[in-house]
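The values are calculated or read from the model by the stated rules, or taken from the named source; none is laboratory data. Values in this document were obtained by computation on a predicted structure and should not be read as measured data. Here Cβ is always computed from backbone atoms with ideal geometry, including for glycine, and neighbour counts include all displayed protein chains.
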Amino acid sequence: MKRRGKTTSGIHANMTPMIDVTFLLIVFFVVVSQIVDRDTVAMDLPRPDHAASGLPEKAEHVVVNIIPAEDGDIRGFVVAGHELEASALHDVTSIVQTHLQGGAQEVHLRADKTTKYIYIHEVIEAIRAVGSAPRLQLIVSGDER
Amino acid sequence: MIDVVFLLLVYFMVATEFKTAEESFPMDLPLRQGGTLAALDNEPLVILVESSGVQASDVSIRLVGPWDPVVSLQGLSAFLTSNQVSLISMDGLFAQTHPIRIQPTVNTRWEHAVSAYNVVVDANYTNITLDDPS
């Protein structure tokens, strides 16, 4: 017996390639979101003309962020994810020392381009106070990649 | 199922923060040694850096010592390059390992201090330190 009513088209879109591509995109974003460095804080890094800087080495490191405030002053620090007040330089030394003893080989110093040098110097001296002569990396803004 | 897959895709696209490429200048941080005197021929070259404005180019430079006046980053670059010891003729005053101390003032903007550091690195000097603020 024949069906009544409208006949359905026999053409169906093949969804399989689209789902494959979509899954690949999901995997990409999952991976990328995992490799973002959570220790860094967004700030306007210095960008010198004709920079002779290079890519930081892949060595294990601890990141010291100097959080900028208005007029070149600072609000505090974020050291290896720990938020500290501007007066807590001793804690900067302690956290950096702990990471260096735990295998870190370098200290990455990130500061806003407007920050006054007096604050940078205080942090450098706090890092020097760990006593093991660590290698410092002054982080600047590179080319957009 | 495709609805859920698209939701997941949108979620991860929104949640992902792309990291801006960063570069660095390496600097050794030796321990302070009190009371040591540098040999006369190895006396560090001291570069004073001061901000004169908020633009990247608003930086003034001065050399400590009996050197020709240098006021800009371009002048500093020319001075460092022209006075570097040449491996061929052995002319020049400073070897690549000559100690160079960059001394910004307390109010110098970090970008200006880094710009001076960059000029010295670009001139192939390797023994560079950021000094106490002047």
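Summed over the range A:123-134, the residues that are facing another protein chain (nearest Cβ under 7 Å) and within 21 Å of residue A:113 (Cα to Cα) give a count of 2.
Does the range B:107-126 include one or more residues that are more than 10 Å from chain A (Cβ to nearest Cβ), touching a His at 6+ places or on another chain (Cβ under 8 Å) and not small (Gly, Ala, Ser)? Scanning the range B:107-126 turns up at least one residue that is more than 10 Å from chain A (Cβ to nearest Cβ), touching a His at 6+ places or on another chain (Cβ under 8 Å) and not small (Gly, Ala, Ser). Entry remark, the range B:72-125: residues being among the polar types (S, T, N, Q) and in contact with a strand residue (DSSP E or B) (Cβ under 9 Å, 6 or more places away or on another chain) number 11 in total.
Selection of first residues in the range A:33-50 that are at the interface with another protein chain (Cβ under 9 Å from one of its Cβ atoms) and modelled with pLDDT under 85 and of second residues that are outside any loop (DSSP other than H, G, I, E, B) and surrounded by fewer than 13 Cβ atoms within 10 Å (Cβ to Cβ), restricted to Cβ pairs under 9 Å at least 6 apart or on distinct chains, gives the following pairs, ordered by first then second residue: A:33/B:15. The criterion of at least 3 residues that are among the charged types (D, E, K, R), under 22 Å from the mean Cα position of the chain (by Cα) and at pLDDT 80 or above is met by the following strands (runs of 3 or more DSSP E) wholly inside the range B:1-80: B:22-28. Residues in the range B:81-98 that are more than 14 Å from chain A (Cβ to nearest Cβ) and either within 13 Å of the chain's Cα centre (by Cα) or part of a helix (DSSP H, G or I) (or both): B:82 only.
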